[in-house]
Amino acid sequence: MKGPERVDVLVAGAGVMGSAVALELAQRNRRVTVLERSPEGVRAGASGGRSRVLRFSYEDPAYIDLARSSWRAWGELERQASKPLLERRGSIEFGGFVRRLARIWDAVGVSLERVTPRRAWELYSLRIPTTAVYVSDAGVLVPDAVVETQVELARRHGASFVFGDGLATVSDWRRSPVSVTSCAGRKYVADVVVMATGRWLRGMCARLGIRLPLFFKAERLAYLSGSFARAPVVIDWRESGRYFVPMNGGRIAKTAVESVEVRTVALADGPASPVMIRRALRWTRELTGQRIGIRSWEKCITTHAHGRDFILDRIGNLGLMSACSGHGFKFAPILARIMADMVEGRRLALARPILARWSLAAHSV
């Protein structure tokens, strides 16, 4: 009878975080197997969709530093894959909050430009009500292309992916090695198990006796038809950060119509409020000066820890990657490096002060 497969690291979840850490570990010559409950090419979690924005809109210098590192890391990944993954469009932000952001960005050396309403129309065909801040180092990532690329590169470096078969049971993760059984009955023995299962992480950890204080948000997104070739990403802080994201060369754009907190994923179904639809359309039409119509809809469910921080930690021989809170996608290459350092027991990751805020202990208070 064939015994369990021996690996250095077993990763649960092949979304953006799972595939990123698999790639990072495979590049470090670790034997890696990834279990993913969905078939290959199917994005059942928050790693799917048409776009994720990479921008610097943080008051916390630690996150600004992470965004800068991520900007460089995506460029490195594009060169490694020989394909574009980031549509570099820049971002323009306005409203009361952005004045405070601009002062912080100036202090930490983020390159920015102040743009008047007249100049915004001349440059970007946008109608803004007040002087805004433009940052050139911002853009739009295509999630499906990112995940597919990370999986492809990880395979080139020797990682194994098992799609359509998720993680079922984990033995005592306090001891090494850890025994794992998949839903299909495959058995593995690993030095470390990394859990990167998105909104399924809370329930999976609960079965292991680990309480994760996570909740969900359901965002209903509208894709708009129009001509937005010159437009950057737009953030209106008068409207609690309402955004406008051009993509596909400016042929379509995305905006959030409604975002609601839900206790369980099952409560995230249902149509957007007609009032919120009208408000979103009115805002985008005023911004662009175009008679914009809704082309299609999308629902995105994101997993959040309290505050805007993540949960990124190693406890025993279990790595936890709930790198989410609605803004984690852009940081995937950097968070993968940190988790890989944790897996290998390196001190490099521990040198980042922000890790104390990402620890499980910090979220268990």
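Computed 3J(HN,Hα) for region 215-225, one whole-Hz value per residue from the Karplus formula 6.51 cos²θ - 1.76 cosθ + 1.60 where θ = phi - 60°, is 9, 10, 10, 10, 10, 9, 10, 10, 9, 10, 9, glycine and proline marked x. Given in Å, the Rg to one decimal and the Dmax to the nearest whole number for the Cα atoms of the chain are 21.0, 75. The H on the amide N of Leu54, modeled in the peptide plane, is under 5 Å from the matching H of Gly139, Val140, Leu141, each at least 5 residues off or on a different chain.
Take each of the peptides 274-286, 120-132, 47-59, average the number of other beta-carbon atoms within 10 Å over its residues, and list them starting from the highest. Each step should come with its number before you reach the end.
On the way: 274-286: 15.1, 120-132: 17.8, 47-59: 20.4.
Highest mean packing first, the order is 47-59, 120-132, 274-286.
Ranked by the mean number of other Cβ atoms within 10 Å per residue, highest first, peptides 206-213, 13-20, 178-185 order as 13-20, 178-185, 206-213.
Each reported figure results from applying straightforward, stated rules to the coordinates on display, with no laboratory input. Note that the structure is a prediction, hence the values are computed from the model and not measured. A quick note on method: Cβ atoms are made from the backbone with ideal geometry, for glycine too, and the neighbour counts reach across all protein chains shown.
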